[in-house]
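The values are calculated or read from the model by the stated rules, or taken from the named source; none is laboratory data. For clarity, every value in this text was computed on a predicted model and none was experimentally measured. Here the Cβ positions follow ideal geometry from the backbone for every residue, glycine too, while neighbour counts run over all protein chains shown.
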Amino acid sequence: MKKKQFVFVVILFLIVMLSAGCTSKDNDVATVSANPDSDFVATFNKLNLGNLFDFEFKLPEAENKWVYLWVESYVNGVKEPDPLISLGFGSSPDEKIQDNIGFTMISLSSEETYVFLYGPGVSGRRKIEHGLGEDVFNSLEYAISNKTVGIELGEEKLLAVYRETKSNSIQSLNFDDEQVVEKAIEKSDLVYLLKIIIEEE
């Protein structure tokens, strides 16, 4: 009898876990996936323009939705009060968005570096003082790797990370863990975090 009860409890636990997973999936309003082999990235590499983070973004029901894309900046572990760059898009009359979004840094000279953000039908650029230093180690990494991830309404999602340090090395990290991100911010001289959130209008 006890064995049957134990089996029943295990099965019930599995059902609850699976249904919880399905509920989480049902709450996703959009998906995003890293696109390191896109034509955009290939063009940047071929022309040696700089580093580009490109993503495939899908929002099946875009009506009454607004997408914010921005880059947070941390200098010596301290967050800058305003985003490095930001933009927004949404409320598509087609009620569906399937397009590329991304972020790039282009250094035209040692004194002239620009950051660019782009999304469906929108783009923005800004000249910056920091970034792509000559005597530092830097790392540009997708925070979501090559997998497709879901985004819930109102959920802030980290997409990519740029790090810069004057130490003699910089190691690759798994940015799925929030504590890893915090530690990277503390140990780096400069960090840029590319983030996205979807809100209802």
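Keeping to segment 105-119, report how many residues are out of contact with any Lys or Arg (no Cβ under 8 Å at 6 or more places or on another chain) and at pLDDT below 90. Here the count works out to 7. Among the residues of segment 56-70, none qualifies, meaning not one is modelled with pLDDT of 70 or more, more than 26 Å from residue 148 (Cα to Cα), surrounded by fewer than 17 Cβ atoms within 10 Å (Cβ to Cβ) and of a type in the set (S, T, N, Q). Residues in segment 73-82 that are surrounded by fewer than 18 Cβ atoms within 10 Å (Cβ to Cβ) and either at pLDDT 95 or above or out of contact with any Ser or Thr (no Cβ under 7 Å at 6 or more places or on another chain) (or both): 75, 76, 77, 78, 79, 81, 82.
Restricting attention to segment 155-201, which residues are under 16 Å from the mean Cα position of the chain (by Cα), assigned to a helix (DSSP H, G or I) and of a type in the set (Asp, Glu)? Those that are under 16 Å from the mean Cα position of the chain (by Cα), assigned to a helix (DSSP H, G or I) and of a type in the set (Asp, Glu): 178, 182. Cβ separations smaller than 8 Å between residues 6+ apart or across chains give the following pairs from segment 32-46 residues that are free of Cβ contacts under 8 Å to residues at least 24 places away in the same chain to residues that are acidic (Asp, Glu): 41/54. Tally the residues that are free of Cβ contacts under 8 Å to residues at least 60 places away in the same chain, among the β-branched types (Val, Ile, Thr) and surrounded by fewer than 16 Cβ atoms within 10 Å (Cβ to Cβ), restricting the search to segment 145-187. Residues meeting the conditions: 1.
Scan segment 82-122 for residues that are in a loop (DSSP other than H, G, I, E, B) and closer than 17 Å to residue 191 by Cα and the total you get is 3. Might you check whether a residue that is under 17 Å from residue 164 (Cα atoms), part of a strand (DSSP E or B) and under 18 Å from the mean Cα position of the chain (by Cα) occurs anywhere in segment 41-51? So far as segment 41-51 goes, yes, one or more of its residues are under 17 Å from residue 164 (Cα atoms), part of a strand (DSSP E or B) and under 18 Å from the mean Cα position of the chain (by Cα).
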